[in-house]
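The values are calculated or read from the model by the stated rules, or taken from the named source; none is laboratory data. The structure presented is a predicted model; accordingly, all values stated were derived computationally and were not measured. In this analysis, Cβ positions are derived from the backbone assuming ideal geometry, glycine residues included, and neighbour counts consider all displayed protein chains. Areas reflect the complete protein model, heavy atoms only, side chains present, ligands, DNA and RNA absent. Shrake-Rupley method; radii C 1.70, N 1.55, O 1.52, S 1.80 Å.
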Amino acid sequence: MQPKPEGLDPKTFIGQPILRNEDARFLTGGGTYSDDVTRPGMLHAAILRSSHAHGLVRGIDASEALALPGVVAVYAWADIADIAQPIPIRLAPLVGLDRFPQYCLASDKVRFVGEPIALVVAESRYIAEDALNLISVDIEELPAIVDFAGASAPKSLLHDAHGTNIASAYEVQRGDVKAAFAEADYRRRETFVCQRHTGVPMETRAVIAEWDVAAQHMTVWGATKVPFPNRATLAKMLGLEDKSVDLIEVDVGGGFGIRGEFYPEDFLIPFAAKKLGRPVKWIEDRREHLLSAQHSRDVSCILEIACKSDGTILGLYAELFVDLGAYVRTVGGVVPAKAAQFVPGPYRIANVGCSVQIFLSNKTPVGTYRAPGRYESNFFRERLIDMAAHDLGIDPAEIRRRNLVLGSEMPYGIGKLVPYEPEGEYDTGDFVAAFERALQDSDWNALNARQGEDEDGWLHGTGLACFVETGGAGPKETARLVVRKEDGGINLFIGSSALGQGHETVFAQICADALGIPFKGIRVFHGSTTYLDEGYGTYASRAIVMGGSAVLNTAETLIETMKPLAAEALGFPNEALVWKAGRFETESGGSSIGLAELAAATAQEIRADGSFSSTRRTASYGTHVAHVAVDRRTGKIRLIDYYVVEDVGRIINPLIVHGQAVGGVVQGLGGAFLENLAYDENGQFLAGSFADYLMPTATDFPSIHCTSLELSRAPSNPLGAKGAGEGGTTAAGAAIGNAVSAALRKYGAEVHELPVTPSKVWSLIAQAKAAAGQ
Amino acid sequence: MTPRTVKLRVNGEAREGQAEPRLLLADFLRHELHLTGTHVGCEHGVCGACTVIVDGRAMRSCLMFAVQAEGTEITTVEGLGTPENLSPLQDAFHRHHALQCGFCTAGILTTMTALLKEEPDPTPDRVREVLSGNLCRCTGYIPIVDAVLDAAEKIRAAKA
């Protein structure tokens, strides 16, 4: 998309491709990321992590490390035991999960490679890392659990006290699955696997903590995502009041769901700073990041479909097996809960059942990554729908068209498929319209005619995948608007955090329209707990829906707050004044006063506080189309074109929404083709560098076409906005699985497992040939 | 290890600082010379976030020791332009929304600045090939390629 030229002066800012306020500092090296924060007298921390997947800690000897010049302290479990508290669950409290929390350092056992065992604090990071090598840890190895079979027939228990490696198991259902399967003309049951992979932002995690002993106040830099709830957690762990702790959000180098949850280091570094009375900085290195920042996905599924012979889907039954790793951390339960809820996706399927087995393994704990649970279930369902279509002799587009929920059926109840939530719904939408638009954009009919075509050994294949995502709700979000005395501009404070999306631009756009004032005069301050008394943060595509609506509400309050001040300044009664284009005017139009004059004429600061609450989720939805060519000799896959059409309700800034869509697709394609947080059978981690964990590069996926629509505004919020930012990612594994399978159709080979790598494709072809006796 | 004095030119100015022999150039630039625009993304030479221009060539400052930079001429992102006076490449990044979180941006700008100096008229495939040494997790690369090609055209037009 080409942005409009500079100097643009639109009447309204919402909906315009405004270039970002953030860019100038990011482009010139002027951003302040966590590692750019330096405090006087600051020490540096490094963390000793387990190199064993599972074992008993028999002893830790840090004497040599402590003797190294420059080492200030070494802390292990014994040093925190008297105050240690488990990391609490923030979302998705499925029954049983709270038995398996992580403490901030390992005590008697280590349960995954990368688990923190000790913290070294030293005068420099180099010395701190030297000291790590001087700590000797005696670990008696135990057998590692690395899959469901091992977890469910335990030769080894991760948490002995609970007698099981199954963290939670439950069944949910809508309709009558048994009856639906009994009356169906057609049934098929397949097993699918979505591999462990995760967000991997370019900036690793970081914590800088400073204890002010005189004020008894803790300040922590490096926070993001949900600073307010994390402040409450840290305050509780340190035995302080919330108001004695501040979390500061500086520039953040990407999040994607994984960054900004409460991690062990979010306690350990402030603990050390408080204990030592000096600021302490910890910056995660990349190996640590891959080892210890939350992993995600890692869901297997046995999925069964029941259809009429015309392709009408009567029922789906899913058995889901979700590996949460060694501990249940803040949002781990979201992955299984949402994987189950989104098994039926955007289709009218009356009878849906899920049996969910959530197990523990000797792997890094799991949390949310862009489109959590959805990415996985979209892959399972869309793959099986394609298989059913092929079996029934129905075109893959036609079977979807017949089953998509219609606009006339909205709001569409989706039943109670999440144990801890009330019945769900899709609020609004025209799923078919977005679907047809994707077929049109991709010239589906022409592509479909080329399915399986052999072009010099390259087999063409095209895959479709439809999705729906609900998000954009949750705890209330808070905003404050302050009129600046010096120039009458607005300082906008928002509880939503920013992880690189462009919030300093979009919140200013919303505020400019709400007040009818120029965009340029609005400065946005976000995330830090110092700005507002309460707030929440950014996750589940909620920042614009929740934070943006809070800005709208606060702007109304500000106008009401200013009215009596303007009345006094102008010498007219309140009711004689109207707010128009950033000024109060008398109805007759004779006198008026703007923000700058009003601020100058008023002794006190002019400000307003406001918030927005919504528990009603917004449904974003759309369709992906992938066109691939597969080299039948080598298994190599070329992505020729990729199309996404999604409806996000209302677009505040099309430039930013488009950027989210394209970037999201490439992340999704990384999961489809490349990324794999692999472990061996002993629980040893095999993906500890960027040479082992492959992410998309510029040569991989050059041709991506995204269209964002405003078909259906959300009724839940005054902006009408829906979540935007996960739709590009969510169905990428599904569309690629379908496209590659379509290319391999002549062999009868089907993709059951992500990532789709050349070696797997080559094996699929070889196996199919062998089975056919070729 | 005893620190040594390292003298070099950075962004057109003579600079010096203290460096242990094992100190990485990236850490020297960031923490000794306080040029924090250069970012460290992996410390093993894959992500390219720390790329700076050393004597005209794009180099990974996490794979060089500061002492190896003695006597060199280095350009970091801070030397490419200012917020009031962006370079044509920086300006194109802004207009094309070629950055989101901004963390990888410095390394990409330095890499592409070096490329355009050597090859003022690269093809899209050539830009992608050179860019493939830098990881960006936000943008999907497409707007970056567009921005580089646009900047190349503008730089050529300005010289013509």
Filter pass, B:A19 being at negative phi, more than 15 Å from the chain's Cα centre (by Cα), open to solvent by less than 20 Å² (accessible area, probe 1.4 Å) and not assigned by TED's automatic domain parsing to the domain that holds B:I155: yes
Tally up the residues in segment B:135-159 that are assigned to a helix (DSSP H, G or I) and within 8 Å of chain A (Cβ to nearest Cβ), please. 4
Could you please find all residues in segment A:447-461 being exposed (fewer than 12 other Cβ atoms within 10 Å of the Cβ) and assigned to a loop (DSSP other than H, G, I, E, B)? A:D456, A:G457
Identify, please: which residue in segment A:698-710 is open to solvent by 30 Å² or more (accessible area, probe 1.4 Å) and without any contact (Cβ under 8 Å) to a residue 40 or more places away in the chain and is, among those, nearest to A:T757 (Cα to Cα)? A:T699
A:T330 vs. criteria closer than 30 Å to A:S50 by Cβ, out of contact with any strand residue (DSSP E or B) (no Cβ under 9 Å at 6 or more places or on another chain) and either open to solvent by 20 Å² or more (accessible area, probe 1.4 Å) or part of a loop (DSSP other than H, G, I, E, B) (or both): yes
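Quick one: which residue in A:R370, A:R383, A:R401 is under 30 Å from A:R745 (Cβ atoms) and open to solvent by 10 Å² or more (accessible area, probe 1.4 Å)?
Result: A:R401 is the single residue among A:R370, A:R383, A:R401 that is under 30 Å from A:R745 (Cβ atoms) and open to solvent by 10 Å² or more (accessible area, probe 1.4 Å).
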Filter pass, A:R632 being at pLDDT 95 or above, under 30 Å from A:L459 (Cβ atoms) and open to solvent by 40 Å² or more (accessible area, probe 1.4 Å): yes
Taking segment B:85-108 and keeping residues more than 9 Å from every other protein chain (Cβ to nearest Cβ) and open to solvent by 10 Å² or more (accessible area, probe 1.4 Å) leaves B:N85, B:P88
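Here's the yes/no breakdown for (1) open to solvent by 10 Å² or more (accessible area, probe 1.4 Å); (2) part of a loop (DSSP other than H, G, I, E, B); (3) within 14 Å of another protein chain (Cβ to nearest Cβ); (4) farther than 23 Å from A:P201 by Cα:
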| residue | (1), (2), (3), (4) |
| --- | --- |
| A:A608 | no, no, no, yes |
| A:S613 | yes, no, no, yes |
| A:T623 | no, no, no, yes |
| A:V628 | no, no, no, yes |
| A:L639 | yes, no, yes, yes |
| A:G663 | no, no, yes, no |
| A:Q667 | no, no, yes, no |
| A:G670 | no, no, yes, no |
Just one listed residue, out of B:T51, B:T111, B:T75, B:T82, is facing chain A (nearest Cβ under 8 Å), at pLDDT 95 or above and closer than 28 Å to A:V252 by Cα, and it is B:T82
When you scan segment A:93-105, do you find a residue that is open to solvent by less than 40 Å² (accessible area, probe 1.4 Å) and either within 14 Å of chain B (Cβ to nearest Cβ) or among the β-branched types (V, I, T) (or both), even just one? no
Single match in A:Q16, A:Q85 (criterion: more than 24 Å from the chain's Cα centre (by Cα), within 30 Å of A:P419 (Cβ to Cβ) and part of a loop (DSSP other than H, G, I, E, B)): A:Q85
Testing A:A179 on (1) in a helix (DSSP H, G or I); (2) crowded, with 19+ Cβ neighbours inside 10 Å, one condition comes back false. Which one is that? (2)
Would you please name the residue that is farthest from A:E556 (Cα to Cα), looking only at residues in segment A:494-518 that are open to solvent by 10 Å² or more (accessible area, probe 1.4 Å) and more than 23 Å from the chain's Cα centre (by Cα)? A:P518
Go through segment A:641-654 and give me each residue that's crowded, with 24+ Cβ neighbours inside 10 Å and hydrophobic (A, V, I, L, M, F, W, C). A:V644, A:V645, A:V648, A:I652
Within 14 Å of chain B (Cβ to nearest Cβ), under 30 Å from B:H39 (Cα atoms) and in contact (Cβ under 8 Å) with a residue 60 or more places away in the chain, is that true of A:L290? yes
Is segment A:474-486 home to any residue that is over 30 Å from A:M562 (Cα atoms), touching a helix residue (DSSP H, G or I) at 6+ places or on another chain (Cβ under 9 Å) and not hydroxyl-bearing (S, T, Y)? yes
If you go through segment A:44-59, how many residues are closer than 12 Å to A:V120 by Cβ, out of contact with any helix residue (DSSP H, G or I) (no Cβ under 6 Å at 6 or more places or on another chain) and surrounded by fewer than 23 Cβ atoms within 10 Å (Cβ to Cβ)? 1
Taking A:A371, is it under 30 Å from A:P715 (Cα atoms) and small (G, A, S)? yes
Filter result for the condition that a residue is in contact with a Phe, Trp or Tyr (Cβ under 7 Å, 6 or more places away or on another chain) and farther than 29 Å from A:S703 by Cα, over A:A479, A:A434: A:A479
Report whether or not A:Y420 is under 25 Å from the mean Cα position of the chain (by Cα), in a loop (DSSP other than H, G, I, E, B) and surrounded by fewer than 20 Cβ atoms within 10 Å (Cβ to Cβ). yes
